[in-house]
Amino acid sequence: MFKLRSALVLCLALPATAFAQNGPPQVIPATQHDVSPPLRDLPPGPRHFGVLEAEPVRHIPSSRSLPFGPDPVLQVAPRPGAPASLAPATQVNFAGIGQGFSGPQGTFVVNSAPPDTNAAVGPNHVVEVVNTDFAVFSKSGTPLFGPVAINTLWSGFAGRCQTENDGDPVVSYDRISDRWIISQFQVTVTPFLQCVAVSTTPDPTGSYFRYAFSYTDGFPDYPKMGVWPDAYYITYNLFNNAGTAFLGSKVCAFDRAKMLTGAAATQQCFTTSSSFGGILPGDFDGRVLPPAGAPNPLVALGATSTTLALWKFHSDFATPANTTFTGPTTLTVPAYAEACAPSGTCIPQGGGTGKLDSLSDRLMYRAAYRNFGDHESIVVNHAVTAGTAVGLRWYELRGVTTTPSLFQSGTFAPDAVYRWMGSAAMDQAGNIGIGYSASSASINAQIRVTGRLAGDPAGTITMGETQIVPGAGAQGSTLTRWGDYSSLSVDPVDDCTFYYPNGYIPGNGTFSWRTQIAWFKLSPCGGDDFALSASPSTVSLAQGGSGASTITVTPSGAFAGSVALSLSGLPAGATGSFSPASTASTSTLTLNAGTAAAGTYSLTVTGTSGALTHTTGVTLTVAGPPPPADFALSASPASVSATQGSSGTTTMTVTPQNGFTGSVALSVTGVPAGATGSFNPASTTGTSVLTLAAGTAAPGSYPLTVTGTSGTLTHTANVTFVVNAQGTASFSLSASPASLTVQHGKSGSSTIAITRTGGFAGAVSFSTSALPSGVTASFNPASATGASSTLTINAQGNATRTTVTLTITGTSAGAPSAQTTVTLTIR
């Protein structure tokens, strides 16, 4: 449900001329608000087909005079001698919304210009808006939602926000509350509206709190938004209703706290004189909030070609009388000439006769704000004349919420290519990234990025340029509008990675633009670093033996590089290797003692990533010569029962030790007269089955000795042979398999076979012994009258890792008890 507020209740509404910047704010409640169903469930909004917003740009009147002489801060090349490798490297580069772009909700057909491309990045998503449409991507570029008309967000809202789709959209990510803000204006009919949607969760495809804010004092052109702790600040170039006369800038604050909960919200507005336009609100980046109670800084080109103007807007929605809008403070900057003055249209394009608009009468979106703790900064840029071409004039302002000043500035124009439509931002290190359009008479308009590092000489762009996508066509000569604005955003996860969307033309045409989104990082970024550790830090080996230690790279700050590993301190005869040799997480260091002399050695593992180097230590202890090769001999089961005239078996196992690889010859002694014992095979490197035939041997229990011989090595194992009298009711047991391996949290089974002799037919009950901790055993059936029972072993998650021999005992009232064994390994 939504609420409609009649304009009649706006008791504070006054004529536009009454709202001077030093007076009380104009307080305007939202005319309508509600909460939407999830965006992914909303029906797509209606698209308006045909040529949209292709009229000439509404320029801001300017009295700024052209300066004399060359640009005093013109930089005609990157840092002297800078290699091409210093150009920002794009890590992901993917297609955004544009002609023919297909996503989960269909295919976008361009029917508007300029695209007004901008995007915002969050922890898991990138949201891009262009005139008429928007889409949601994963951060790697997979389309997750859209493209759909922007007014889809207001489906079911009723009114002009739902039915119109007028554009000038802005998307922002509120990193303070992990929310998304998408807005566009409605200027088809009066009263004009700003349609604003704030996501209810971090999911941009979920539900939104929706608002409509009304304006009756003029045409609110070119809205630009900034996120601040106390409000969402928005600015407009205010024209008369016909859009033909500039009235000044309108600056408003939306009640952010209310809009984050979906409550009824108001906006507080001021209007400047007509001397200023293109004002940008400070837009919060980073992890450190502005100082408590700090006003939002707003910045614009000054009244002269040597100044910027800065205002401070502090909103108080509980007590509007306490709201203040002060300024402008005039900041002196190096002289400049607006690009393409006085028309603003002079950008050439290869293969085309039409010129493109530079939009040089205003600062370019965003006014990216960041609090570094010891200082606050805003970076902005605009297009200026640079020799015979157009370049990017950029500024870093400091003290922006207290005593503002110009910290540094420069004009980037390294050659005769025209550069304009820029967007600048800073990462957590103070590195500045800039994205922009570039064109000339010999190249089609293309998307590029560049940047500077925080420690570089003031006022210089120290990095080369990176082309995001080349233009392959020219915009038709009937249309000068190119982009109006773009936006460079900083990833809130690492606070270092820049995301930049902008438009280009893939082939000659008037309404055939596409957009591209790329992300890049300037390194090092702030506290980027890493630490090395080794586990275990001590490796003990015998001569010829090998062992391993895990080397772990632990990043700090926003470090995401790869670390190259090396090893020093190895004794002669020993070796060491890493797998992998470079890592961003872990690597296995394998050490082989080889022929190294016995002793303790201190090894040093060194990790290097760019200019960063760290070490960790590993102690290698080499023991004396390894023990000689040998073997052990065992029998399973260790007791065999057979009735006169029958036989039983046990498995003999040879276990190699210290590299033993020989074959072991087997023999048995102690077999009673009338009985026999044989091996299959007689020699083995693994197992052999000993068959004991009772024959005519006298009933009794006989201790047997099985001897294994390999060269000079001899070992024995004991087996008890029980001979039962023929005709005496009895039974014997055997297990299949006689060896079980069971992993934690899992089970295994063995069949316990009952061999009945002498007419024995009684029930046999089972039990087992020597179970390790955390291991249980059960029999099915527990008391068997048939030929077998199933032994099930269950290993709990905390079971002891070990190998044991379980003794299975069968008892019956009608015969002597019998036993067999199962070798159990827990892993």
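Below, the figures for the structure above:
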| item | result |
| --- | --- |
| Built amide H within the under 5 Å cut-off of TYR365, gap 5+ | SER486 |
| Convex hull volume per residue in cubic angstrom - Cα atoms of segment 482-597 | 146 Å³ |
| Over segment 549-670, volume per residue of the alpha carbon convex hull, in Å³ | 190 Å³ |
| Rounded to whole Hz, the Karplus (6.51, -1.76, 1.60) HN-Hα couplings of segment 247-259, x for glycine and proline | 9, x, 9, 9, 10, 9, 10, 8, 6, 4, 4, 5, 6 |
| Sequence of THR319, THR768 from largest to smallest accessible area, 1.4 Å probe | THR319, THR768 |
| Fraction of accessible area attributable to carbon and sulfur, the chain (%, probe 1.4 Å) | 55 percent |
| Gap separating the Cα centres of segment 655-686 and segment 703-738, nearest whole Å | 12 Å |
| Nitroxide proxy distance, nm - points 7 Å out along Cα→Cβ at LEU771 and SER533 | 3.8 nm |
| Highest to lowest packing among 655-661, 425-431, scored as the average C-beta count within 10 Å | 425-431, 655-661 |
| Computed accessible area, SER477, all protein chains, 1.4 angstrom probe, square angstrom | 80 Å² |
| Protection-proxy order for peptides 397-404, 563-570, 238-245, 435-442, each taking the mean of Cβ atoms within 10 Å per residue, highest first | 435-442, 397-404, 563-570, 238-245 |
| FRET efficiency, 1/(1 + (r/R0)^6) with R0 22 Å, evaluated for THR649 and HIS744 via beta carbons | 0.10 |
| Largest-first ordering by accessible area, 1.4 Å probe, given options LYS139, LYS746, LYS250, LYS258 | LYS746, LYS258, LYS139, LYS250 |
| Estimated [θ] at 222 nm from DSSP helical runs (n ≥ 4, -39500 (n - 2.57)) normalised by residues in the chain, nearest 500 | 0 deg cm²/dmol |
| For the chain, fraction of C-alpha pairs farther apart than 45 Å, in % | 48 percent |
| Calculated FRET value between ALA264 and ASN124, using beta carbons and R₀ = 30 Å, to 0.05 | 0.45 |
| Linear extension gain, SER562 paired with ALA761, 0.36 nm per residue minus alpha-carbon span | 64.4 nm |
| Residue-normalised accessible area of segment 183-254, expressed per residue, 1.4 Å probe, Å² | 20 Å² |
| For segment 746-823, accessible area per residue (1.4 Å probe, heavy atoms of protein chains only), Å² | 46 Å² |
| Hz values of 3J(HN,Hα) by residue in segment 348-357 - Karplus curve (6.51, -1.76, 1.60), Gly and Pro given as x | x, 9, x, x, x, 9, x, 9, 10, 6 |
| With eigenvalues of the C-alpha gyration tensor scaled by 5 and rooted, segment 361-519, Å | 28, 16, 14 |
| Cα-Cα P(r), segment 488-548, percent of pairs per 5 Å interval | 4, 12, 12, 10, 8, 8, 8, 8, 7, 6, 5, 4, 3, 3, 1, 0 |
| Intensity falloff of segment 260-417 expressed as log10 I(q)/I(0), Debye formula with alpha-carbon point scatterers, at q = 0.14, 0.18 Å⁻¹ | -0.77, -1.10 |
| Extension gain from SER275 to THR685, taking 0.36 nm per residue of separation minus the Cα-Cα distance | 137.9 nm |
| Estimated inter-spin distance, ASN794 and ALA242, nm [label 7 Å along Cα→Cβ] | 8.8 nm |
| Rounded D (µm²/s) - segment 328-409, Kirkwood Rh over Cα pairs, Stokes-Einstein at 4 °C, 1.567 mPa s | 91 µm²/s |
| All lysines inside 25 Å of LYS250 as judged from Cα atoms, apart from same-chain residues fewer than 8 positions distant | LYS224, LYS258, LYS312 |
| Amide H within-cut-off set for THR266, under 5 Å, with H built and near neighbours excluded | ALA30, ASP255 |
| Pairwise FRET efficiency - THR201 versus THR402, Cβ, R0 = 30 Å, nearest 0.05 | 0.25 |
| Under 12 Å from the Cα of LYS521 - aspartates and glutamates, other chains or at least 8 residues apart | ASP427, ASP491, ASP494, ASP495 |
| Rounded to whole Å, sorted largest first: equivalent-ellipsoid semi-axes of segment 645-706, Cα gyration tensor | 27, 10, 8 |
| Solvent-accessible area per residue, Å², over segment 617-710 with all protein chains present [probe radius 1.4 Å] | 43 Å² |
| Calculated from backbone phi, Karplus (6.51, -1.76, 1.60) coupling profile of segment 308-315 in Hz, x at Gly/Pro | 10, 10, 10, 10, 10, 10, 10, 9 |
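The values are calculated or read from the model by the stated rules, or taken from the named source; none is laboratory data. Owing to the predicted nature of the structure, the values given are computational and were not obtained by experimental measurement. Cβ: placed from backbone, ideal geometry, glycine included. Neighbour counts: every protein chain shown. Just so you know, the surface numbers come from the protein's heavy atoms only, side chains and all, with ligands and any DNA or RNA stripped out. Shrake-Rupley method; radii C 1.70, N 1.55, O 1.52, S 1.80 Å.
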